[in-house]
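The values are calculated or read from the model by the stated rules, or taken from the named source; none is laboratory data. As the structure is a prediction and not an experimental result, all values here were calculated from the model. FYI the Cβ positions are ideal-geometry reconstructions off the backbone, even for glycines, and counts take in every protein chain you see.
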Amino acid sequence: MSDDLGLVEVARVGGSPHAEELRGLLESNGIPAVVSGEGVSSAYPLTVGPMGGARVLVRAEDEGAARELLASAFAGDLEVDVEDEDPGDHDV
């Protein structure tokens with residue numbers, strides 16, 4: 001899916017928290033991304049179908065790299081470096 005701004009959809013997920021995680025993953029790897037559609041799903045969290053969920057969008061020129069990165073993430077092929085994080089920063 002493409003829009004007038006030259007953005008293409010690389011993921012559609014159930015809600016904005018998951019979409020924001022994907023946006024963060026993309027941006028931490030140098031791929032600017034935006035989340036669209038989170039307003040309806042956050043106001044009506046049980047909404048399904050075209051009104052439900054959120055879309056993750058990237059520039060058309062970043063689509064290939066974004067899809068490759070997301071595919072690796074969904075396949076569990078990415079390693080996360082957490083050495084610099086303070087263990088006290090996470091809820092248990």
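Values for this structure:
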{"quantity": "Residue list for segment 12-36, filter: in contact (Cβ under 8 Å) with a residue 40 or more places away in the chain, in contact with a strand residue (DSSP E or B) (Cβ under 8 Å, 6 or more places away or on another chain) and under 13 Å from D62 (Cα atoms)", "calculated": "L26"}
{"quantity": "Filter result for A75 (exposed (fewer than 11 other Cβ atoms within 10 Å of the Cβ), at pLDDT 80 or above and of a type outside the set (S, T, N, Q))", "calculated": "yes"}
{"quantity": "Segment 1-53: number of residues that are at pLDDT below 85 and not in a loop (DSSP other than H, G, I, E, B)", "calculated": "11"}
